[in-house]
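S.K.: What follows is a structure written as structure tokens; I'll ask about it next.
Read-outs throughout are calculated quantities, based only on the coordinates presented, and are distinct from any laboratory measurement. Small disclaimer: the values here were computed from a predicted structure and weren't measured. Heads up, the Cβs are rebuilt from the backbone with ideal geometry, glycines too, and the neighbour counts pull from every protein chain shown.
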Amino acid sequence: MSRRCELTGKGPMTGNNVSHAHNKTRRLFRPNLNDVTLQSETLGRGIKLRISASALRSVDHRGGLDKFLAKAKDDELSPAALKVKKEIAKAQSVAAEA
């Protein structure tokens, strides 16, 4: 399981630990990932994703998973999230026709 957010693509970054004596050693800054189940209004079910805390705040800010995925870029999404995005788009187009 990679340390990468499934919605934003945010991953580990590198930098320096800087001591009081100003010695520098390399370190990793890992994203704050959480396993969550987000509810899709269109599909009527929960979707399990491993996303960062900032992505969870963005999903809430945009008004839910469906609206977040509608605006999300395909190259940032994981294959699982991209599959869910296509399912939601298909379900919305079927609902619009009926």
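S.K.: To the nearest 10 degrees, how steeply does helix 79-97 sit against the main Cα axis of the chain, on a 0 to 90 scale?
M.R.: Helix 79-97 sits roughly 30 degrees off the main axis of the chain.
S.K.: Would you mind checking the tilt of helix 53-62 against the longest principal axis of the Cα atoms of the chain, expressed as 0 to 90 degrees and rounded to 10?
M.R.: For 53-62 against the chain, the angle is about 30 degrees.
S.K.: What does a probe at Thr25 reach in the range 3-17, counting residues whose amide N is under 15 Å from the point 7 Å along Cα→Cβ?
M.R.: 15-17
S.K.: Rank-order 29-42, 11-24, 50-63 by packing density, defined as the average count of other C-beta atoms within 10 Å over each peptide's residues, highest first.
M.R.: Values: 29-42: 14.1, 11-24: 9.1, 50-63: 16.4.
The peptides rank, most packed first, as 50-63, 29-42, 11-24.
S.K.: Can you tell me how the range 59-98 classifies by the Cα gyration tensor, rounded, prolate or oblate, using a/c under 1.5 as the rounded cut?
M.R.: Values: a/c = 2.61, a/b = 1.35, b/c = 1.93.
Verdict is oblate for the range 59-98.
S.K.: Rounded, prolate or oblate: which one fits the range 25-78, using the alpha carbon gyration tensor with axes a ≥ b ≥ c (rounded when a/c is under 1.5, else prolate when a/b beats b/c, else oblate)? Spell out each step's value before the answer.
M.R.: Numbers: a/c = 2.42, a/b = 1.95, b/c = 1.24.
Prolate.
S.K.: Further question: Is it possible to state the helix-based mean residue ellipticity at 222 nm for the chain, with each DSSP H run of 4+ residues giving -39500 (n - 2.57), the sum divided by total residues, to the nearest 500 deg cm²/dmol? What is it? Mind dumping the intermediate values first?
M.R.: Values: 3 runs with 36 residues, N = 98.
Value at 222 nm, helices only: -11500 deg cm²/dmol.
S.K.: Another question about this same structure. How big is the chain in terms of Cα radius of gyration and Dmax, in angstroms?
M.R.: 17.3, 69
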